[in-house]
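*Asks:* Structure incoming, see below.
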Amino acid sequence: MPSQDLQPEQLKIWLAAVVRKDAVAFRALYDAASPKLFGFALRILVKHEWAEEVLQESFVSIWNNADSYQASLAAPMTWITTIVRNKAFDFLRRTDGAVEIDADTFDKEVMDAMESADPTPLEALQLTADAKALAHCLARLEAMQRQAIALSFYHDLSHSEVAAQLQLPIGTVKTWIRRGLERLKSCLGKLGSA
């Protein structure tokens, strides 16, 4: 059953095998995840052929960069979907002169991300030393604090959206995020000076 194949533990097993260049595991990962990822790419790009091209580029990137996946930073499907999203935005930027983007077709979130000059999450993950330091420091936070920070920064949710997601008072969420960021800053500072 395809939905069974998208379980995070199974995806982690396949990604670990892809690190070892296991083509059978890569095929299983592709078969399980590609329908959902194609739909996601199609939502951004609108045209089938563009979504197919981006999906192919994304899986090449997954094959080449599976070793950069860190379970402590994101769920496997989140990591894979981020790659597809970034490839889709890169595709739109490359074809910028040839493509007129109708803002009504896209979510505000998609348009903001396309216009942003900030590094994408994938580019940030590829800064291996920084990513490992961040993962180390995030792992030292309490689970709920780590989750609040992850929802806020990796999923770009506001404090009120994080509070709604976690079903907690907004004041609690703000405190957790503020204190968690202070602990992260301190931990990263210690690692940087080591």
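The values are calculated or read from the model by the stated rules, or taken from the named source; none is laboratory data. Values in this document were obtained by computation on a predicted structure and should not be read as measured data. In this analysis, Cβ positions are derived from the backbone assuming ideal geometry, glycine residues included, and neighbour counts consider all displayed protein chains. The accessibility values were calculated without ligands, DNA or RNA, using every heavy atom of the protein model including side chains. Shrake-Rupley method; radii C 1.70, N 1.55, O 1.52, S 1.80 Å.
*Asks:* Would you mind telling me which numbered condition in (1) under 18 Å from the mean Cα position of the chain (by Cα); (2) modelled with pLDDT of 85 or more; (3) β-branched (Val, Ile, Thr) residue 110 fails?
*Replies:* Going through the list (1) under 18 Å from the mean Cα position of the chain (by Cα); (2) modelled with pLDDT of 85 or more; (3) β-branched (Val, Ile, Thr), residue 110 breaks only (2).
*Asks:* Another question, if that's okay. Tell me the residue from 23, 16 that is in the same structural domain as residue 94 (by the TED database), more than 20 Å from the chain's Cα centre (by Cα), open to solvent by 10 Å² or more (accessible area, probe 1.4 Å) and of a type in the set (A, V, I, L, M, F, W, C), please. Let's see the steps before the verdict.
*Replies:* On the way: 16 fails: more than 20 Å from the chain's Cα centre (by Cα).
The unique qualifying residue is 23.
Here's the yes/no breakdown for (1) assigned to a loop (DSSP other than H, G, I, E, B); (2) open to solvent by less than 70 Å² (accessible area, probe 1.4 Å); (3) modelled with pLDDT of 90 or more:
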| residue | (1), (2), (3) |
| --- | --- |
| 151 | no, yes, no |
| 155 | yes, no, no |
| 162 | no, yes, no |
| 165 | no, no, no |
| 174 | no, no, yes |
| 178 | no, no, yes |
| 182 | no, no, yes |
| 189 | no, yes, no |
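*Asks:* Considering only residues of the stretch 74-98 that are surrounded by fewer than 21 Cβ atoms within 10 Å (Cβ to Cβ) and under 23 Å from residue 133 (Cβ atoms), which is modelled with the lowest pLDDT?
*Replies:* Of the residues in the stretch 74-98, the ones surrounded by fewer than 21 Cβ atoms within 10 Å (Cβ to Cβ) are 74-75, 77-78, 81-82, 86, 89-98.
Those still in the list that are under 23 Å from residue 133 (Cβ atoms) too: 74-75, 78, 82, 86.
Values: 74: 83, 75: 86, 78: 88, 82: 89, 86: 88.
Filtering first and then ranking leaves 74.
*Asks:* What pairs come up if the first residue lies in the stretch 33-48 and is assigned to a helix (DSSP H, G or I), the second is hydroxyl-bearing (Ser, Thr, Tyr) and surrounded by fewer than 19 Cβ atoms within 10 Å (Cβ to Cβ), and their beta carbons are under 7 Å apart, counting only those six or more places apart or on different chains?
*Replies:* 37/81; 40/81
*Asks:* Are any residues in the stretch 1-56 among the acidic types (Asp, Glu) and over 21 Å from residue 88 (Cα atoms), and if so, which ones? Before the answer, list the steps.
*Replies:* Filtering the stretch 1-56 for residues among the acidic types (Asp, Glu) gives 5, 9, 22, 31, 49, 52-53.
Selection gives 5, 9, 22.
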